[in-house]
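Every number here is computed from the coordinates shown, using simple stated rules; none is lab data. Treat the numbers as computed from the prediction; the structure is a model and nothing was measured. All Cβ positions, glycine included, derive from the backbone under ideal geometry; neighbour counts span all protein chains shown.
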Amino acid sequence: MTEVTQADLALLAFARQAQERAYAPYSGFRVGAAVYAGGEIYQGCNVENASYGATSCAERLAAGAAVLAGNTELQAIAVVGDSTSPTVPCGMCRQFLAEFNPEMRVIMGGRCDEVAVAGLDELLPDAFVRGYLDQDDGAE
Ligand code: THU
């Protein structure tokens, strides 16, 4: 298990702050995220929709904010949800994050004191990344 650092806890605090802004009237499950990239912090929260599938996860909105600011080299992300054990990023978010660093540090918290830390490569081994697209030889 990866050890939790003070920097992890600091990023987690930003994720907890973002969680307060969650828009989750349907599930009631509030999620906050904070990305560390280029020395800056970018927050996101889940934003649900009456058309449930249009919902955005907190992690993807935080990562998108970093990209919008021109910081595409994501170093770490903290995620906090309403679960009583640390909330893990969903599969789609894992894939989305791998685009920007398949080995980024993932810090996870919940409605508990427990904090978990893992490499994204542990949560999503063998991510599909752009290198595979370069291997397209044009065969039909
Ligand atoms: N959710 C996230 O924001 N991130 C995740 O990684 C898991 C799920 C949100 C989506 C939805 O608004 C709510 O949690 C319940 O699935």
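Using a Gaussian network model on the chain with a 10 Å cutoff between Cα atoms, which of 68, 12, 124 fluctuates the most? Highest fluctuation of the listed residues: 68.
Kindly provide the Kirkwood hydrodynamic radius of the chain in Å, to one decimal, from all pairs of distinct alpha carbon atoms.
Numbers: mean 1/r = 0.0657 Å⁻¹.
Hydrodynamic radius (Kirkwood, Cα only) of the chain equals 15.2 Å.
When the Cα positions of 116, 27, 106 are compared along the charge dipole of the range 6-124, 27 comes out farthest toward the positive end, with charges on each C-beta of Lys, Arg, Asp and Glu.
With respect to the chain, whose longest principal axis is taken over its alpha-carbon atoms, helix 6-19 is tilted by about 80°.
With neighbour counts taken as other beta-carbon atoms within 10 Å, the residues 56, 27, 51 rank, fewest first, as 51, 27, 56. For the listed peptides 73-86, 109-122, a ranking on the average number of other beta carbons within 10 Å per residue, highest first, reads 73-86, 109-122.
Placing +1 on the Cβ of every Lys and Arg and -1 on the Cβ of every Asp and Glu, with nothing else charged, gives the range 6-124 a dipole about its Cα centre of roughly 300 debye. Using just its DSSP H runs of length 4 or more, each adding -39500 (n - 2.57), the chain gives a mean residue ellipticity at 222 nm of -8000 deg cm²/dmol after division by all residues.
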